[in-house]
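In what follows, a single structure is set out as structure tokens and then discussed.
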Amino acid sequence: MSKPADDEAHIEASRAPLLDHLIELRKRLMWSLVGFVVAFVGCYFFAEQIYAFLTHPLAVALEGQPGRRMIYTALYETFFTYIKVAGFGALCISFPIIASQIWMFVAPGLYRDERRAFLPFLFATPILFIMGAALVYWGLMPVMIHFFLGFETPGGAGSLPIQLEAKVSDYLDLVMSFIFAFGLSFQLPVLLTLLGRVGLVSSDFLKRNRRYAIVFAFVVAAVLTPPDIISQFALAIPLIILFEASIWSVQLIEKQRADEAKRAESAV
């Protein structure tokens, strides 16, 4: 019996009624929720330290300037800010658990070759997200803070000074939105490679539309970053590099597919 026939027989033998699938889905969701809740509780106890880490770029930019501070204008603002910080940290920490539960639910319905093909994407997704978040934290945030602090004015006779007094919640929302935006943008190779694997895009198609991709990268950078050229290039250039890496990845998949087709023909 051929290998595809063996795989089909294995899937058919393990096919479960709809109720069993729903029970399995509930089990995976429960484990994911437990992982998130445990991580959330742990992160809440360290929410102040996590927030200090997120505010470190601003603290460095304001270092040596006495009297600088962050403020909150609502009685409950700092508390809910720490709740957001705990949720943000819990999502990052529990992502491997959630991803593994999704994988364990989906994997039994895939062919053996498909499982081997999708595993690298499962590992690449968090790595690329961390790369995007690191670019925001160590690359973009210092430049962006320096840019916006340039709008402060000392004031003088007949005028009042303009000085930053950042709100804790506003700063957190800004940092989190940038981290998620860059992290999701860095999933471009995963998305294009998956589309290439299922045959929706080809390397030739990506090459023909390279110029549009470059324009799109700068448009995305202009929307997501402050209006200075350094920040825009900080996002646009990595996106272009990731697009080129996607072309190479799709080419590799096409080569593997062609080699498998040749081996199948020679076997016949």
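Coordinate-derived values only; no laboratory data. A quick note: this is a predicted structure, and the numbers were derived from the prediction, not measured. Because the Cβ atoms are built from the backbone with ideal geometry, glycine has one as well, and the counts that use them run over all protein chains shown.
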Seminar exercise, completed: Here the net charge surrounding K167, from other residues whose Cβ is less than 12 Å away from its Cβ (Lys, Arg +1; Asp, Glu -1), is -3
Exercise. If you project the alpha carbons of region 17-150 onto their three principal axes, what span does each projection cover, largest first, in Å?
Worked result: 66, 33, 19
Problem set entry | Loop GluC sites (Glu not before Pro), region 19-77, which have at most 11 other Cβ atoms in a 10 Å radius of their Cβ (DSSP) | E63
For this session: Along Cα→Cβ, 7 Å out, is where each label goes; now give me the distance between the ones at Q251 and V198 in nm to one decimal.
Result: 2.5 nm
Exercise. By how many nm would the segment from S177 to I162 lengthen if fully extended, with 0.36 nm per residue of separation less the alpha-carbon distance?
Worked result: 2.8 nm
Exercise. Where in the chain are the helices, taken as whole DSSP H runs, whose Cα atoms extend 24 angstrom or more along the long axis and whose Kyte-Doolittle mean reaches at least -1.0?
Worked result: 18-45, 77-106, 112-134, 168-185, 229-267
For this session: Could you grab the relative contact order for region 179-250? Cα pairs under 8 Å, six or more apart, rounded to a whole percent.
Result: 47 percent
Exercise. What FRET efficiency comes out for the pair M131/E265, r = Cβ-Cβ distance, R0 = 35 Å, nearest 0.05?
Worked result: 0.30
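With Cβ to Cβ distances under 12 Å as the rule, what net charge do the other residues near L54 carry (K, R +1; D, E -1)?
-1
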For this session: Grab the other residues whose beta carbon is less than 10 angstrom from that of I247, score K and R as +1, D and E as -1, and report the net.
Result: 0
Problem set entry | Of V190, V219, V168, the one that fluctuates the most in a GNM where the chain has Cα springs shorter than 10 Å | V219
For this session: For K207, list the lysines whose Cα falls under 17 Å from its own Cα; do not include residues on the same chain fewer than 8 positions away.
Result: K255
For this session: Would you please give the residues with an amide H less than 5 Å from that of V201, counting only those at least 5 places away or on a separate chain, with H modeled from the backbone geometry?
Result: G196
For this session: Write down the radius of gyration of region 41-108 and its Dmax, each obtained from C-alpha positions, in Å.
Result: 17.1, 60
Exercise. Tell me, what is the percent relative contact order of the chain, built from C-alpha pairs under 8 Å that lie six or more residues apart?
Worked result: 20 percent
Problem set entry | Label-zone membership for region 77-106, site V41, 7 angstrom Cα→C-beta point, backbone N under 16 Å | 86-87, 90-91, 94
Seminar exercise, completed: For K167, other-chain or 5+-apart residues with amide H closer than 5 Å (H placed, Pro excluded) are I71
Problem set entry | Calculated FRET efficiency for the pair I230/Y111, C-beta based, R₀ 45 Å, to 0.05 | 0.45
